[in-house]
């Protein structure tokens, strides 16, 4: 386990808190959301969640950027495809990429999931 100093204190960089079934997630909130989606998959409500699906922004054959969402899945009953991103803090870069997603992929249903409830749930446990 790596240790480093932050504001004079030793802080552990521990990936085990955000690891589930051998998958290391970017955040605890993303891991908790994956658990919920996986339960929906086991219940037969959605297809298996695809993690980190890439979206490439191209104009006249030239790549001008890319975006990786957190999850992509399809509701089995309706056939609706959903792309999800778990966000704790929406920064300028994400706002820009969100606009690019709507411009280049207008038919994609992009859902932004607030990470706040997942962090509050984790602290109480």
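The values are calculated or read from the model by the stated rules, or taken from the named source; none is laboratory data. Keep in mind that this is a model prediction, so the values were computed, not measured. Cβ: placed from backbone, ideal geometry, glycine included. Neighbour counts: every protein chain shown.
Remarks
- Being under 22 Å from residue 19 (Cβ atoms) and touching a residue at least 60 places away in the same chain (Cβ under 8 Å) is a description that applies to residue 32.
- Taken together, the residues in the range 10-58 that are more than 16 Å from the chain's Cα centre (by Cα), modelled with pLDDT of 90 or more and not in a helix (DSSP H, G or I) amount to 7.
- Considering residues of the range 39-49 that are over 14 Å from residue 86 (Cα atoms) and in contact with a strand residue (DSSP E or B) (Cβ under 9 Å, 6 or more places away or on another chain) only, the residue surrounded by the most Cβ atoms within 10 Å (Cβ to Cβ): 46
- Here the strands (runs of 3 or more DSSP E) wholly within the range 59-99 that include at least 3 residues being surrounded by 11 or more Cβ atoms within 10 Å (Cβ to Cβ) and either more than 13 Å from the chain's Cα centre (by Cα) or free of Cβ contacts under 8 Å to residues at least 24 places away in the same chain (or both) are 62-68.
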